[in-house]
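Just below is one structure, and these are the notes that go with it.
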Amino acid sequence: MANSLKLFRQIHRYVGLFIAPALLFFSFTGALQTFSLHETTQGSSYKPPAWIVMLGQVHKKQTTIVPVRKLKADTPKPDKAPDPAAQPVPKEKNHLPLKSFFLLVAIGLFISTGTGIYMAYKYERSKLLVTGLLLAGIVIPLLLLPF
C-alpha cells in the first residue's frame, strides 16, 4: 500500500509539473476573458492590446491567427416599425458577482499551480527532472501551435 501511494504521488507530481505551464496560461487568459478584455464590445471605445487578443485566440481556438471581423452593415428598417412601448425591455442582469467568483477561481488556480511548482523544486531531489518537465510543458505546446 505504501509503495502504491508513493507511485501515485510521483505520478501526480510529474504530470502536474508537465501541465503546470498550461494551467498557468489558461488561468491567466481565462481571467482576462472573464471580463472580456480580449475583445471590443459593441458601443465601447475599449480596444484590447494585441497580445491579449492573441492570447485569447490561443485560449479559445488554439491558433494565433485572429480573424478580421467584418463591420455589420446597418440593417434596413422595416416599413412598419414595431411600437417600442409594446415590447417589454428585459431587465439587465448583474453578472459581476459570478465574474468576480470566476476571477477568484482563476487567481486560486494560478497561486495553487505556482506553489505546486515551488514545492516540487523544494522536495524533489532531481531539480533537473523538475526543470525538464516544466520546459517540456512549455516547449511542446509551442511546437504544436500553428502560426
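The values are calculated or read from the model by the stated rules, or taken from the named source; none is laboratory data. Owing to the predicted nature of the structure, the values given are computational and were not obtained by experimental measurement. Note that we place each Cβ from the backbone using ideal geometry, even for glycine, and neighbour counts take in every protein chain shown. For accessibility, only protein heavy atoms count, side chains too; no ligands or nucleic acids. Shrake-Rupley method; radii C 1.70, N 1.55, O 1.52, S 1.80 Å.
Starting from segment 113-142, keep only residues that are over 13 Å from Gly16 (Cβ atoms), then list their pairs with residues that are of a type in the set (A, V, I, L, M) and modelled with pLDDT of 95 or more whose Cβ atoms are within a distance under 7 Å, requiring at least 6 positions of separation or different chains.
Here the result reads Pro141/Ala22, each pair linking segment 113-142 to a residue that is of a type in the set (A, V, I, L, M) and modelled with pLDDT of 95 or more.
Out of all the residues in segment 25-42, which are open to solvent by less than 90 Å² (accessible area, probe 1.4 Å) and either over 28 Å from Asn94 (Cα atoms) or in a loop (DSSP other than H, G, I, E, B) (or both)?
The answer is Phe35, Ser36, Leu37, His38, Glu39, Thr40, Thr41.
Touching a Ser or Thr at 6+ places or on another chain (Cβ under 6 Å) and modelled with pLDDT under 90: does that describe Phe102?
no
So which residues in segment 1-24 are more than 25 Å from the chain's Cα centre (by Cα) and either assigned to a loop (DSSP other than H, G, I, E, B) or closer than 14 Å to Phe110 by Cβ (or both)?
Met1 - this is the single residue of segment 1-24 that is more than 25 Å from the chain's Cα centre (by Cα) and either assigned to a loop (DSSP other than H, G, I, E, B) or closer than 14 Å to Phe110 by Cβ (or both).
Sort out which residues of segment 1-18 are buried (at least 16 other Cβ atoms within 10 Å of the Cβ) and of a type in the set (A, V, I, L, M), and write them in order of number.
Selection gives Leu17 alone.
Among all residue pairs at least 6 apart or on different chains, which show Cβ distances below 8 Å where the first residue, located in segment 2-22, is of a type in the set (Phe, Trp, Tyr) and the second is assigned to a helix (DSSP H, G or I)?
Sorted first by the residue in segment 2-22, then by its partner, the pairs are Tyr14/Leu129; Tyr14/Leu133; Phe18/Leu133; Phe18/Leu134; Phe18/Ala136; Phe18/Gly137.
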